[in-house]
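The values are calculated or read from the model by the stated rules, or taken from the named source; none is laboratory data. Keep in mind it's a predicted model, so treat the numbers as computed, not measured. As a convention, Cβ positions derive from the backbone with ideal geometry for all residues, glycine included, and neighbour counts pool all protein chains shown. The protein model used for the area step is the full one, side chains on, heavy atoms only, and it has no ligands, DNA or RNA in it. Shrake-Rupley method; radii C 1.70, N 1.55, O 1.52, S 1.80 Å.
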4 protein chains.
Amino acid sequence: MIIVLRHDAEQEKKAVLKGRLKALGFDIHESRGVGSTLWGIVGDTSVIDRDYLMANEIVHDVKRVQEPYKKANRKMHPEDTVIEIAGRKIGGGHFQVIAGPCSIEAKEQMVEVSKSVKASGATFLRGGAFKPRTSPYAFQGLQNNGLKLLLNAKVATGLPVVTEIMTPEHLELFHDVDVVQVGARNMQNFQLLKALGKSDKTVLLKRGLANTLEELVMSAEYIMAGGNENVILCERGIRTFETSMRNTLDISAIPMLKSMTHLPVIIDPSHAAGIRWMVEPLAMASIAAGADGLMIEVHNDPETALCDGPQSMTPEGFDALMGKIRKTVEFFGKTMDC
Amino acid sequence: MIIVLRHDAEQEKKAVLKGRLKALGFDIHESRGVGSTLWGIVGDTSVIDRDYLMANEIVHDVKRVQEPYKKANRKMHPEDTVIEIAGRKIGGGHFQVIAGPCSIEAKEQMVEVSKSVKASGATFLRGGAFKPRTSPYAFQGLQNNGLKLLLNAKVATGLPVVTEIMTPEHLELFHDVDVVQVGARNMQNFQLLKALGKSDKTVLLKRGLANTLEELVMSAEYIMAGGNENVILCERGIRTFETSMRNTLDISAIPMLKSMTHLPVIIDPSHAAGIRWMVEPLAMASIAAGADGLMIEVHNDPETALCDGPQSMTPEGFDALMGKIRKTVEFFGKTMDC
Amino acid sequence: MIIVLRHDAEQEKKAVLKGRLKALGFDIHESRGVGSTLWGIVGDTSVIDRDYLMANEIVHDVKRVQEPYKKANRKMHPEDTVIEIAGRKIGGGHFQVIAGPCSIEAKEQMVEVSKSVKASGATFLRGGAFKPRTSPYAFQGLQNNGLKLLLNAKVATGLPVVTEIMTPEHLELFHDVDVVQVGARNMQNFQLLKALGKSDKTVLLKRGLANTLEELVMSAEYIMAGGNENVILCERGIRTFETSMRNTLDISAIPMLKSMTHLPVIIDPSHAAGIRWMVEPLAMASIAAGADGLMIEVHNDPETALCDGPQSMTPEGFDALMGKIRKTVEFFGKTMDC
Amino acid sequence: MIIVLRHDAEQEKKAVLKGRLKALGFDIHESRGVGSTLWGIVGDTSVIDRDYLMANEIVHDVKRVQEPYKKANRKMHPEDTVIEIAGRKIGGGHFQVIAGPCSIEAKEQMVEVSKSVKASGATFLRGGAFKPRTSPYAFQGLQNNGLKLLLNAKVATGLPVVTEIMTPEHLELFHDVDVVQVGARNMQNFQLLKALGKSDKTVLLKRGLANTLEELVMSAEYIMAGGNENVILCERGIRTFETSMRNTLDISAIPMLKSMTHLPVIIDPSHAAGIRWMVEPLAMASIAAGADGLMIEVHNDPETALCDGPQSMTPEGFDALMGKIRKTVEFFGKTMDC
């Protein structure tokens, strides 16, 4: 961390600030130029708040050199993390495909879709029971009943399941869920992250619509700091000025997150554009850019889907796509074997 | 709501969709042009999901005419809502100033700051006990003890208090809090909004960093739909590409929110820019644009503040500002009397 | 400028880079910490490109301390610049109002509108002859004929005129124009800025829709570096995610630009929101935040305007607004006397 | 185009507006619902300005159904456009790679780099002579001399050349240039687009940093409306909130632009992230998403490059990348044969 002092900083105030920093255990290396004085702060600066320093009137600017994340930092853990869930590995060359409907709507629907996506080669089943919706008047998901239908499909197919949690109070309901998803709107719901940090569930953490990659990694760090290091990062499109599609997939997030962290990174091409016919090109691009997996919405009858119908693939469409995914994953040197 | 059908939509599929819409209680007015067919959907379309229609292959586009919010809609409630809290009115020409530190740090600090801001004319006391922080390693607030210190300051000064809630589980701790704040990062924490909708607390709802005004109003609608109509909207700066300050105050939000809704609208100029010397010009602009109140951070010693020091005013600075606020509020025709 | 070296930078490569920097006339102050080495670069670093340094493999990061602008920098010129145009001063406490139609459409229109806005108290006349339009099929302005009609209205009213230039080739046509406007889409049309830098025209430089304030100031610096220091900065709304209005007025730009530079700063509340009824609250907020002037669209018959009708005020509406503007400018301590 | 009238629109004013629209040659289909009246406007509405209608006080909203672009519209021209330049085809399954330095710096540099990229398989040579730079104090390119060095390298290698134009006045200097590039900051420099529309040069049009895809297509339409239909679209990264890299590559632009238009779409992965090691994953993703070509910066000595060194590849790095590009283009079914 570098502190740039104001050129007119009084000696007295400098001594006070220096004293405070030393009391916190830091060393200070001063460098005096013509127009400014710099202090290089040596020690674990991830615990100092930049604002704490900026509030001091003799401080002109504070610039971080060290990343503020530790457990998620690739520098501390150069090898890719490989997470194993119900015998399926993700990360480190292992590629997984999660598929299923946006919302769980009915028992038959779940069983039908889950058998179908399993036959096409999906290795995880997804489905939303608790649905975050912008409008209080929109369908909010089947809630507890939805969870039961999802777990029923898990038994029927043997596929591990992924579903979204919205509040720490619900955590006990997720006992048999394999991967707990934190949605984009809850990426900085810190109480939820802390609760998950104390659980033993694998967490699929989605990036917020207007969050930086560092903020995403800091949210993963919340979970990891609590003791739970099984975090999968998911890019699902960011908000931009573009109006022809719902969100803009940030493909660069894949290589950048992989350079910042050692965690697996997956892509949700269904939410990214919100348009069915764009799922395929975005899925291909994601594999090419180095993703460790995909999460794809599939619905037995998209036209009657209670949620996200425009982006849901039909079982037939998904089956054809899986053929291409398998070949492309292999071409880019990853494996879909468990 | 207008549905634009694809020009090649088959009669049969049109009949199926028409049947579904009629079954939901809607009337349909068809208008056939040369290149396209339009259906005007008549009825309470706030309950139909745009996506539900977009998923249908014969639908080219769906355009809303009616706003998706009802209880917050000024059309349903043309008069300004005036909320009264501990004898202080806000909205409908009544202007209030909320002041205090970002974080509650110690008993003496709270009492000192609260007496000081009261003497300067603030009518509400603010202070954070539960702090949402990007980093798990940053100061997270004094939590329950912080709440106690805030309530102690309430007793000492007689000022009603405003403080932030982060999760529904904490609601019972907020029994003696006058105004419960929902922070920007929790604007779409729908479980929290639902819990507040069932409470009798006045809610101060902050706009998310990258949310539209309609999304803010929809979050207010979540609270109101639950039965709690005491919602104050707060603009606190949005994320933009600007790097010279923390966030960009959206001053236009004031007149636009007042045209969309009947709820009081206040501004937080401290968080907006994150810079102490910018609080004054932004406060003046907010009054001029029609705000119903201000929320300002004041700290007895900003240089040692555990949070948001760079934007906190000193008690002396705040006192001088209050003089200008009073004159300006009067100039623009509002009243600061309770 | 601070260079943060990679912790594993080889001595040899450091010597090469140090040699290059010294050859460019810079001094280097080295500060060695535990995890990193910092170089403070002393000299006029506005001429070094950050990228030139970042390309070096031993460089981890480069952080600017000094602003990259000189002539526009308030540090070099602490007093407000006051520009005088046809006897009217702007800046340093002098406030001016520019009014007129978006596009010049016909001789009678221009004379009618210009007499009307003059009678209401506007001190400059605006009107577009060359119009930048997103569509090649939209009205592109009356071009040369439009300029003639504007200059005709200048003679008829005695008001100095403001109009937009789109390419350096047109500069000679602007001989009798008092203030040459550079539109938002041309803020980084550097050939145009260079040409204006060599002219003696006052330039009204509009901020681009997604440009930072530093980029705006750097574009002013282009003009000033050419020898023309008569530059007025204009904020006219930035692109954000908001959909209820055209652009979002960045009110904070006023105090921030005034702290960065000594140039006058004006606001265009008509383009900012693109909505007639929002002009008044945004104009009031702009005065309150410290603007040096306003540019407002007025049309004799907004419903038939060939451009920007939704945001144009009627002459009656403008007359009423001018009454409020006068009182508010006076309340905030500026003068509208020439 | 659909006009939504205000529910209280007076018959008289409706008749006036209807009369104006009919005079412009449009048919109107009225649809009356309970809360609103809709008019479907039939005819070539690309010539009506939405604002012209919005300015009318009886109009509540105006929604476009038809795209505002014609010549670029895939609906009017379902087949991919294939552009042939010096015997090389781009579009319709033909893939091209443009390579070379950001700036032309010296004769030997250009010859060295151009021979090298040709040997590696690049089929076009790029190099900047006129450089748009944010700072007037930064290197502005070798200008006319730079162009000469580029054309010299064209003769030496036989490769067609691509270089950027900044103002219409320079067009005659570009006589021997094969592809004229319009940079991101000039995407809406409409005078430049019009001048290029009248020329016979192939134009490589880059998307602006914060422009929508429709705006990009409208800028292509400006060129095409002038008679020049040889336009290649280029996505080069958009401005987002992300700070870990310069811009964010919008990979979705590829499939979306290809659905909107029939023009070739290429990607500039060098400018997108501004980071050398990210060029490869972004290039792979671009091919996978369906791009028709790539433009890549290569410099013989990136550490001394006068511009964009951090993103430039070395000749060796580019050679290795070309091997992967060839295999990947083939895997995804396109051809790199001329």
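Please specify each residue of segment C:169-209 satisfying the condition of being open to solvent by 20 Å² or more (accessible area, probe 1.4 Å) and at the interface with chain D (Cβ under 9 Å from one of its Cβ atoms).
C:GLU169, C:HIS170, C:ARG185, C:GLN191, C:LYS194, C:ALA195, C:LEU209
Right, B:ALA86: open to solvent by 20 Å² or more (accessible area, probe 1.4 Å) and over 29 Å from B:GLY309 (Cβ atoms) or not? So that I can check it myself, show each step before the final result.
Details: open to solvent by 20 Å² or more (accessible area, probe 1.4 Å): yes; over 29 Å from B:GLY309 (Cβ atoms): yes.
Against the criterion (open to solvent by 20 Å² or more (accessible area, probe 1.4 Å) and over 29 Å from B:GLY309 (Cβ atoms)), B:ALA86 qualifies.
Looking at the structure I just gave you, is A:ILE28 more than 26 Å from A:MET336 (Cβ to Cβ) and more than 14 Å from chain B (Cβ to nearest Cβ)?
yes
Assess whether B:THR45 counts as being within 21 Å of D:GLN66 (Cα to Cα) and among the polar types (S, T, N, Q).
Here the answer is no, as B:THR45 does not meet what is asked.
Would it be correct to say that B:SER120 is in contact with a helix residue (DSSP H, G or I) (Cβ under 7 Å, 6 or more places away or on another chain), hydroxyl-bearing (Ser, Thr, Tyr), over 20 Å from A:GLN191 (Cα atoms) and crowded, with 24+ Cβ neighbours inside 10 Å?
No: the conditions fail for B:SER120.
Checking B:ASP292 against (1) open to solvent by less than 20 Å² (accessible area, probe 1.4 Å); (2) of a type in the set (D, E, K, R); (3) facing another protein chain (nearest Cβ under 8 Å), which test does it fail?
(3)
Which of the residues that make up segment D:143-165 are among the hydrophobic types (A, V, I, L, M, F, W, C), in contact with a helix residue (DSSP H, G or I) (Cβ under 7 Å, 6 or more places away or on another chain) and open to solvent by less than 10 Å² (accessible area, probe 1.4 Å)?
The first filter runs over segment D:143-165 and keeps only residues among the hydrophobic types (A, V, I, L, M, F, W, C), leaving D:147, D:149-151, D:153, D:155-156, D:159, D:161-162, D:165.
In the following step, the residues that additionally are in contact with a helix residue (DSSP H, G or I) (Cβ under 7 Å, 6 or more places away or on another chain) were identified as D:147, D:149-150, D:153, D:156, D:159, D:161, D:165.
Across segment D:143-165, the qualifying residues are D:LEU147, D:LEU150, D:ALA153, D:LEU159, D:VAL161, D:ILE165.
List the strands (runs of 3 or more DSSP E) that sit entirely inside segment A:2-66 and contain at least 3 residues that are closer than 23 Å to B:SER244 by Cα and touching a strand residue (DSSP E or B) at 6+ places or on another chain (Cβ under 8 Å).
By residue number, A:2-5, A:37-42, A:59-63.
List the number of the failed condition for B:PRO68; all other conditions in (1) open to solvent by less than 20 Å² (accessible area, probe 1.4 Å); (2) touching a Pro at 6+ places or on another chain (Cβ under 8 Å); (3) at pLDDT 85 or above; (4) not hydrophobic (A, V, I, L, M, F, W, C) hold.
All conditions are met except number (2).
Look at segment A:234-271 and say how many of its residues are of a type outside the set (S, T, N, Q), within 20 Å of A:MET313 (Cβ to Cβ), more than 7 Å from every other protein chain (Cβ to nearest Cβ) and open to solvent by less than 10 Å² (accessible area, probe 1.4 Å).
So the answer is 7.
With the requirement that a residue be open to solvent by 40 Å² or more (accessible area, probe 1.4 Å), under 19 Å from A:LEU5 (Cβ atoms) and either without any contact (Cβ under 8 Å) to a residue 12 or more places away in the chain or hydrophobic (A, V, I, L, M, F, W, C) (or both), what does segment C:16-55 give you?
Within segment C:16-55, C:GLU30, C:ARG32 meet the criteria.
Which one of D:VAL265, D:VAL298, D:VAL279 is under 23 Å from D:THR243 (Cβ atoms) and under 23 Å from the mean Cα position of the chain (by Cα)? Give the derivation first.
On the way: D:VAL265 fails: under 23 Å from D:THR243 (Cβ atoms); D:VAL298 fails: under 23 Å from D:THR243 (Cβ atoms).
The conditions single out D:VAL279.
Could you please give the count of residues in segment B:309-338 that are of a type in the set (Ser, Thr, Tyr) and open to solvent by 30 Å² or more (accessible area, probe 1.4 Å)?
Adding up the residues that qualify gives 2.
Among the residues of segment A:133-155, is any within 8 Å of chain B (Cβ to nearest Cβ), among the aromatic types (Phe, Trp, Tyr) and farther than 21 Å from A:THR81 by Cβ?
Among the residues of segment A:133-155, at least one is within 8 Å of chain B (Cβ to nearest Cβ), among the aromatic types (Phe, Trp, Tyr) and farther than 21 Å from A:THR81 by Cβ, which makes the answer yes.
I'm trying to understand the selection: among the residues of segment A:91-112, which are in contact with a helix residue (DSSP H, G or I) (Cβ under 7 Å, 6 or more places away or on another chain) and either more than 27 Å from A:GLY290 (Cα to Cα) or free of Cβ contacts under 8 Å to residues at least 40 places away in the same chain (or both)? Write out each step before concluding.
Of segment A:91-112, the ones in contact with a helix residue (DSSP H, G or I) (Cβ under 7 Å, 6 or more places away or on another chain) are A:95, A:97, A:99-101, A:104, A:107, A:110-111.
Those that are in contact with a helix residue (DSSP H, G or I) (Cβ under 7 Å, 6 or more places away or on another chain) and either more than 27 Å from A:GLY290 (Cα to Cα) or free of Cβ contacts under 8 Å to residues at least 40 places away in the same chain (or both): A:ILE104, A:LYS107, A:MET110, A:VAL111.
Which count do you get for residues in segment B:115-145 that are assigned to a loop (DSSP other than H, G, I, E, B) and either within 30 Å of A:ASN211 (Cβ to Cβ) or not assigned by TED's automatic domain parsing to the domain that holds B:GLU164 (or both)?
Within segment B:115-145, residues that are assigned to a loop (DSSP other than H, G, I, E, B) and either within 30 Å of A:ASN211 (Cβ to Cβ) or not assigned by TED's automatic domain parsing to the domain that holds B:GLU164 (or both) number 15.
Looking only at segment D:299-308, decide whether some residue is surrounded by fewer than 24 Cβ atoms within 10 Å (Cβ to Cβ), out of contact with any Ser or Thr (no Cβ under 7 Å at 6 or more places or on another chain), modelled with pLDDT of 95 or more and part of a helix (DSSP H, G or I).
no
Within the bounds of segment C:94-114, is there any residue that is out of contact with any Leu (no Cβ under 9 Å at 6 or more places or on another chain), in a helix (DSSP H, G or I) and open to solvent by 50 Å² or more (accessible area, probe 1.4 Å)?
Yes, there is a match, as at least one residue in segment C:94-114 is out of contact with any Leu (no Cβ under 9 Å at 6 or more places or on another chain), in a helix (DSSP H, G or I) and open to solvent by 50 Å² or more (accessible area, probe 1.4 Å).
Out of D:LYS107, D:LYS89, report the one residue that is in contact with a Cys (Cβ under 9 Å, 6 or more places away or on another chain) and over 19 Å from D:GLU316 (Cα atoms).
Answer to the selection: D:LYS89.
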